[in-house]
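Report on the structure given below.
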Amino acid sequence: MKPRNLIFLILTSVAVWMVYGPLRDLLGSNTHSEYYSHIMLIPLVSAYFFYKDRKGIFFANGHSYALGLVFLLAGIFLYELGRSFGNNLNKNDYTSLMVFATLIFWVGGFIFSYGWDTLRKALFPVVFLFFIIPIPSLLMDQFIYSLQKGSTEVVEVIFKLLGLSFFREEFVFQLAGANIEVAKQCSGIRSTLALFITGILAGHLFLRTGWKKGVLILSLFPITIIKNGIRIVTLTLLGIHVDMNFLTGGFLHKSGGFIFYIPALVLLGGVLWFLRKSEIKKGLRTEIKTQ
């Protein structure tokens, strides 16, 4: 084994040891684990892209010892900072800091072993690995509120289109036969995270233009709130006209999110198809001009 590969393997092993405990505690918590079911898949996906593009990534034999050492020391500093002041943070934010510190350390090991140019070639799988960082509570609360607010607006629009009579106060709708609240649990944050990661992967695999990848990512918010609105309206109508259990704790309410995730994927696929088609047309026009 080449010395640089051995060094990187050792540093990666240290990084795994650093991050294992905080992530294990967070994922074992009933309060936070439901948001982060995707975390265990992120390293596998990142490893796949490393393997897939390994010939292009590891073609160069350079190194960047000084820059790598800076990242390594920065990761150690942040990690020790978390260990010293972690008691002042909740479990989610403590884990966010520790995982972020570990990834900075690991990136430092990568730069130290293979160089800055190699890191640039491996930018996507490296950056994608940062999805294992739990979202800090302040940002998570803002995301959930935005989804909650947007979903409520979509529900109101659908109710009006269906000709239903209702009275709305903030996130609460009063209808004949039921009062419903678009609570935080109805924000669809889990499916939004899953859809966002899916969109990132789809853009990387099928799109070449940076701004079109951005458009694809920006489309995820309206797609998510439309999906959430349809789900809430469907459960409401089923609760009023069929069985209130649809609203109070039935399977479709608790675990049926994947059913409504399918239309969201279809909408995402439609946006992706349109963007990819425009790239293909542009590529053909460019090819014709050069002939």
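Yes or no, residue by residue, for (1) among the basic types (Lys, Arg); (2) in contact with a strand residue (DSSP E or B) (Cβ under 8 Å, 6 or more places away or on another chain):
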| residue | (1), (2) |
| --- | --- |
| Pro134 | no, no |
| Gln142 | no, no |
| Gly150 | no, no |
| Lys160 | yes, no |
| Thr236 | no, yes |
| Val242 | no, no |
Of the conditions (1) among the acidic types (Asp, Glu); (2) free of Cβ contacts under 8 Å to residues at least 12 places away in the same chain; (3) within 17 Å of Leu26 (Cα to Cα), Glu80 satisfies every one except a single condition; which number is it? (3)
Taking into account only those residues within segment 185-214 that are free of Cβ contacts under 8 Å to residues at least 40 places away in the same chain and of a type outside the set (D, E, K, R), which is nearest to Arg231 (Cα to Cα)? Gln185
Please work out if Gly163 is under 30 Å from Leu129 (Cα atoms) and either touching a Gly at 6+ places or on another chain (Cβ under 8 Å) or not assigned by TED's automatic domain parsing to the domain that holds Phe49 (or both). no
Could you list all residues from segment 9-20 that are over 22 Å from the mean Cα position of the chain (by Cα) and not aliphatic (A, V, I, L, M)? Thr12, Ser13, Trp17
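Quick check on segment 174-190: of everything there that is surrounded by 20 or more Cβ atoms within 10 Å (Cβ to Cβ) and not aliphatic (A, V, I, L, M), which residue is farthest from Phe49 (Cα to Cα)? Explain how you work it out, then say what you get.
From segment 174-190, those surrounded by 20 or more Cβ atoms within 10 Å (Cβ to Cβ) are 180, 182, 186-189; that's our starting set.
Those left that are additionally not aliphatic (A, V, I, L, M): 186-188.
Details: Cys186: 34, Ser187: 31, Gly188: 28 Å.
In this case the residue turns out to be Cys186.
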Phe85 vs. criteria part of a helix (DSSP H, G or I) and at pLDDT 90 or above: no
Counted residues in segment 192-211 being more than 13 Å from Leu268 (Cα to Cα), surrounded by 15 or more Cβ atoms within 10 Å (Cβ to Cβ) and either hydroxyl-bearing (Ser, Thr, Tyr) or out of contact with any Phe, Trp or Tyr (no Cβ under 9 Å at 6 or more places or on another chain) (or both) come to 1
Six or more apart or on different chains, Cβ atoms under 6 Å: show the pairs whose first residue is in segment 6-27 and free of Cβ contacts under 8 Å to residues at least 24 places away in the same chain and whose second is part of a helix (DSSP H, G or I). Leu27/Ser33
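The values are calculated or read from the model by the stated rules, or taken from the named source; none is laboratory data. Keep in mind that what you see is a predicted model, and the values were worked out from it rather than measured. Quick reminder, even Gly has a Cβ in these numbers, built from the backbone with ideal geometry, and neighbours come from all protein chains shown.
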